[in-house]
Amino acid sequence: MSIFREDVLAGKVAFVTGGGSGICKGITRTLMAHGADAVIVSRSQEKLDEAAAALVAETGRACLGVAADVRQPETVEAALDAALERFGRVDLVVNGAAGNFLCPASQLSYNAFRTVMEIDTLGTYNVCRAAFDKALKASGGVILNISATLHYGATPLQAHPSAAKAAVDSLTRSLALEWGPLGIRVVGIAPGPIDDTEGIARLVPPDVRAKMIAAIPLKRMGTIQDIADLSLFLCTDAAALITGWTVVADGGAWLAAPALP
Ligand code: HXC
Ligand code: NAP
């Protein structure tokens with residue numbers, strides 16, 4: 001049972017990149033379960049259609065899947081237009097689209113580094129910028145950027161996402177400063193390792209898993225629901241004074257780094 005009222009987000013519309021899978025599908029489910037309608041965005045229309053149907057069945061709210069590549073501003077704008085056409089508003093923007101793989105910096109191709117920077121950092125900016133113009137500047141809202149803790153110290157084999165997420169955190173602060181006067185809060189979440197996700201499948205080899213968990217102060221990985229619940233809090237008026245800040249939700253993992261391989 002949720003500690004929030006089931007209708008706390010009634011009348012709101014969420015636009016969630018990466019919402020067709022993993023953590024951001026969980027975030028979308030929780031926002032919808034609390035009254036929001038949603039638009040989920042990623043490259044694969046097939047994946048989005050399947051996810052949207054499941055989310056509608058689970059929550060009873062409306063959900064539209066729109067294919068777009070966050071690296072391409074014109075597809076992002078088209079997705080926002082589709083969201084506005086269907087629902088007439090966008091109040092909550094979640095930037096969760098990301099790309100990652102383990103690779104030593106010495107072996108990253110120029111394009112590999114650029115690809116992750118483009119999805120995580122430019123993609124986040126593109127969505128913020130388009131959502132600001134088309135919806136948020138007129139009526140305010142919340143932008144939630146999904147970050148990581150990789151860059152708080154330095155994480156081996158993760159130079160590319162570390163640089164990308166550091167830039168995302170910086171953007172969270174800058175946009176909060178500039179857009180706060182318009183009633184737009186810009187916040188972030190930095191999850192630690194979250195179980196049952198593509199990120200963990202890619203980054204944590206099975207033989208490292210038990211050792212990694214043993215090093216986490218709370219002695220467990222996060223769940224998708226942990227991040228979804230925090231997202232809900234940040235999207236409600238319970239967090240009305242929070243902006244520019246990225247909240248760490250990792251069971252203390254980064255304090256005990258190295259938490260990843
Ligand atoms: C080295 C790699 C590589 C790998 C791809 N590349 N995979 N280099 N090791 N394992 C290189 C390619 O060779 C290519 O460079 C360049 O990266 C672009 O690859 P493409 O496949 O053409 O890119 P694209 O189709 O756009 O796919 C992007 C992707 C892909 C990031 C590579 O994996 C993807 O779509 N990922 C989305 C899902 C995902 O990653 N989810 C996990 C998020 S978890 P060249 O030079 O050959 O052209 C996460 C967790 C953070 O972010 C923190 C956890 C604690
Ligand atoms: P995931 O399921 O793979 O989520 C990434 C999503 O991004 C996918 O739905 C993917 O869908 C979409 N995407 C990728 N490239 C895109 C592009 N160019 N344009 C539009 N959409 C794109 O992985 P996850 O593990 O749940 O991660 C979700 C978020 O949490 C990411 O921001 C990640 O960095 C962050 N995070 C995860 C962990 C973890 O432990 N898993 C820890 C810290 C932070 P398509 O393939 O359909 O495009």
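Among the residues of region 157-177, which ones are touching a strand residue (DSSP E or B) at 6+ places or on another chain (Cβ under 9 Å) and either buried (at least 18 other Cβ atoms within 10 Å of the Cβ) or free of Cβ contacts under 8 Å to residues at least 12 places away in the same chain (or both)? Before the answer, list the steps.
Within region 157-177, the subset touching a strand residue (DSSP E or B) at 6+ places or on another chain (Cβ under 9 Å) is 165, 168-169, 171-177.
Within region 157-177, LYS165, VAL168, ASP169, LEU171, THR172, SER174, LEU175, ALA176 qualify.
Which of the residues spanning region 1-31 are surrounded by fewer than 23 Cβ atoms within 10 Å (Cβ to Cβ) and among the aliphatic types (A, V, I, L, M)?
Matches in region 1-31: MET1, ILE3, VAL8, ALA10.
Among (1) hydrophobic (A, V, I, L, M, F, W, C); (2) in a loop (DSSP other than H, G, I, E, B); (3) within 15 Å of ligand 2 (Cβ to nearest atom); (4) more than 21 Å from VAL94 (Cβ to Cβ), which single condition is ALA154 missing?
Every listed condition holds for ALA154 apart from (3).
For region 14-110, which fully contained strands (runs of 3 or more DSSP E) count at least 3 residues that are within 16 Å of ligand 1 (Cβ to nearest atom)?
Values: elements: 37-42, 63-67, 92-95.
It comes to 37-42.
With the condition kept exactly as written, say whether any residue in region 115-130 is closer than 20 Å to VAL186 by Cα, within 15 Å of ligand 2 (Cβ to nearest atom) and outside any helix (DSSP H, G or I).
No: region 115-130 contains no residue that is closer than 20 Å to VAL186 by Cα, within 15 Å of ligand 2 (Cβ to nearest atom) and outside any helix (DSSP H, G or I).
Only residues in region 184-206 that are over 15 Å from ASN95 (Cα atoms) count as the first member; pair them with residues that are among the polar types (S, T, N, Q) and within 8 Å of ligand 2 (Cβ to nearest atom), Cβ under 7 angstrom, at least 6 apart or cross-chain, and list the lot.
GLY192/THR149; GLU198/SER21; GLY199/ASN100; ARG202/ASN100; LEU203/ASN100
Listed here are the residues, each with its yes/no results for (1) within 15 Å of ligand 1 (Cβ to nearest atom); (2) charged (D, E, K, R); (3) crowded, with 21+ Cβ neighbours inside 10 Å.
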site	(1), (2), (3)
GLU198	yes, yes, no
VAL208	yes, no, no
ILE216	yes, no, no
LYS219	no, yes, no
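Read-outs throughout are calculated quantities, based only on the coordinates presented, and are distinct from any laboratory measurement. Predicted model only: the values in this text are computed from it and were never measured. FYI the Cβ positions are ideal-geometry reconstructions off the backbone, even for glycines, and counts take in every protein chain you see.
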